[in-house]
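Structure, as C-alpha cells:
The values are calculated or read from the model by the stated rules, or taken from the named source; none is laboratory data. Computed from a predicted model, the values in this text were never measured in an experiment. Here the Cβ is made from the backbone with ideal geometry for all residues, glycine too, and neighbour counts use every protein chain on show. Accessible surface is based on the protein model in full, side chains and every heavy atom, while ligands, DNA and RNA are left aside. Shrake-Rupley method; radii C 1.70, N 1.55, O 1.52, S 1.80 Å.
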Amino acid sequence: IEAGEKVPFAPLAETLGVSLTPLREAFKVLAVEGLVEQLPNRGVRLLPYTSAEAAALFEVIAEREGLAAALTARRIDKDQLEELEASHRQMHRHFEQREKDPYFDLNSEIHEKIVALSGNDVLISTHTKLMVRANRGRYIAIIDEDRWIEAMAEHDALMDALRRGDCDSARQIWHAHLMRSGEVVADVLRRHESGEIENVFRPQADRERDGSIES
C-alpha cells in the first residue's frame, strides 16, 4: 500500500483471516500512533513518512538514545554486558557476510537493549512511542554501503565505551550515531520524494532482486 492510498479493508481482512471489526479497531490504534489517517465515512489512508518528519524524529531520538547509552554505561553489570557483547559479535558476523536483513533485525534489538538497560522507565516509554513512527524508515539508513561500514564502526566504539564505563563517551558516540542515521534517512526520503529513487520501503531482498537498488 503506497503512502496516501486508502486501506482495502475487505481484501486485507481476508488475507489476515480476521473479520472487519477487529481490523477496524486495530487501525484506530494505528491512527493514534500517527501511522494512518481515519477519513470521515471514507475509510483509512496510509500516512506518508516524509524527510521532514524523519529529520525531526531523529533529532529527538538521538537525544533519548544518547542519554540511554550514558545511563547504561553507568549501570550495566557484568552479565548484561556479556549478553550485549554476544549480540554485538553476532551482528558483526552478519555485517562481515553482508547479510542485511538479519543484521538489521539484530541492530534494532541492540538499540532496544541499550534503552532498556538504562533502567529509566520514563525514557523507555517515550522512546517506544517515538520508534513506532521512526521504524518505518530506519532500514533506509544502511542502504548505502559506506554508511553501513560507518555505522558498524560506531557500534564498535559504543561497545568500547560501555566496557570502560565511560558515560560521556557513550552519550557522544550514540548521539552522533543516531544523528548521522537520521541525516541519511532524511536524504534518501528527499530523493524518494523527488522521484530520483523508488521502492525505499520494500524489503531489502525484494529491492535487490528487481534491481531498484544495488546489493
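Below, the figures for the structure above:
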item	result
Selected from M131, G165, I149, residue furthest toward positive end of dipole (segment 131-195; charges at beta carbon)	M131
Segment 125-142-segment 75-107 distance, computed between alpha-carbon centres (Å)	19
Per residue accessible area in Å² of segment 110-154, where ligands, DNA and RNA are left out and the probe is 1.4 Å	43
Charge-dipole axis of the chain as Lys and Arg at +1 and Asp and Glu at -1 on Cβ define it, positive-most pick from T72, P8, L57	P8
Positive minus negative residues near V44 (Lys, Arg vs Asp, Glu; Cβ under 13 Å)	+1
Spin-label model distance (nm) - H92 vs R163, 7 Å beyond Cα toward Cβ	0.8
Stretch in the chain that is longest and holds no trypsin sites (Lys or Arg not before Pro) that DSSP places in a loop and that have at most 11 other beta carbons within 10 Å	99-215
Mean Cα-pair separation over length for the chain, i.e. relative contact order, pairs under 8 Å, 6 or more apart, %	27
Nearest-0.05 FRET efficiency for V32 and A176, computed from C-beta distance (R0 30 Å)	0.40
With every protein chain in place, segment 151-190: carbon and sulfur % of accessible area (1.4 Å)	47
Heavy-atom accessible surface of segment 41-131: percent carbon and sulfur, 1.4 Å	50
Dipole magnitude (debye, nearest 20) for the chain, charges at Cβ of Lys, Arg, Asp, Glu	660
